[in-house]
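Input: a single structure, listed below in C-alpha cells.
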Amino acid sequence: MDNSYSPLRRVTVYCGSADGARPEFLSEARDLGRAIAAAGMGLVYGGACAGLMGAVADAALDAGGEVIGILPEILSGKEIAHTRLTFLEIVSNMHQRKMRLHTLADAFIALPGGYGTLDEMIEAVTWAQLAIHAKPCILVNTLGYWNGLLEFLDTAVTAGFLKPPNRDLLLVAANAAEAVAMVKAETQ
C-alpha cells in the first residue's frame, strides 16, 4: 500500500459515471460510501463528481471519511472533477489512473457501471489470478446487475477456460453492507 496518505485501509470502488436507470443504483452507491466511512476505511475512486462515482464519494465525505480521487488529465478539464475530496490526484493517462487505483487499494469493490467499471474490475481479478496481489475483489450485485457476467464466468469454467479456484476470486455481495463486511473479514 502507498503510505503517502494516512495509514487507513482503503477500498477502491469502481462504478459508473452515470446514475443508472433505477434509483436503487444511486442508493446503493450512497450506502457503500457511508459503510466504508463507518468502517474507518478510506475510499479511492476515479475522482468524478457525476453518477454513482459522485454519489459514493459524497456519501463517504458526508460521513467523515477520507476520499482520494484519481483523475486522468483528459477528464480534468471537463468539469467532472469532484471539488470536495480529501485528495485529488491528476495523472497523465488512464493507465496511470488504474495503477494508482490498484496501488492505493487494500480491496476492490465494483458497483454497477459500464465498460470502464468492467475493465477495471476484470483487471483487478486477473491480477489476483496471477498472484500479483491477494486483495479481495467484490461485486455488489444490486438488482442482479452482475448476473450476466456471473453466468458468463460460470460458462467459462464449464468450457474449460477458467479454473474453478480462479472463478472463486471474484466475490459477490448482495449489498453495500455485505461488501464492506467481506472487506473487513478478508483484510484483517
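Taken as a whole, the condition of being open to solvent by 10 Å² or more (accessible area, probe 1.4 Å) and either at pLDDT 95 or above or touching an Asp or Glu at 6+ places or on another chain (Cβ under 8 Å) (or both) applies to M1. Of all residues in region 8-47, those that are more than 18 Å from A107 (Cβ to Cβ), more than 13 Å from the chain's Cα centre (by Cα) and of a type in the set (G, A, S) total 4. Candidates are the residues of region 39-53 that are free of Cβ contacts under 8 Å to residues at least 60 places away in the same chain and surrounded by fewer than 24 Cβ atoms within 10 Å (Cβ to Cβ); the one that is nearest to E120 (Cα to Cα) is A48.
Summed over region 137-188, residues that are polar (S, T, N, Q), touching a strand residue (DSSP E or B) at 6+ places or on another chain (Cβ under 8 Å), at pLDDT 95 or above and open to solvent by less than 40 Å² (accessible area, probe 1.4 Å) total 1. Checking each residue in region 72-99 for being within 14 Å of the chain's Cα centre (by Cα) and without any contact (Cβ under 8 Å) to a residue 40 or more places away in the chain picks out K98, M99.
The values are calculated or read from the model by the stated rules, or taken from the named source; none is laboratory data. All of these numbers come straight from a predicted model, not from anything done at the bench. Here Cβ is always computed from backbone atoms with ideal geometry, including for glycine, and neighbour counts include all displayed protein chains. The area values use the complete protein model at the heavy-atom level, side chains included, leaving out ligands, DNA and RNA. Shrake-Rupley method; radii C 1.70, N 1.55, O 1.52, S 1.80 Å.
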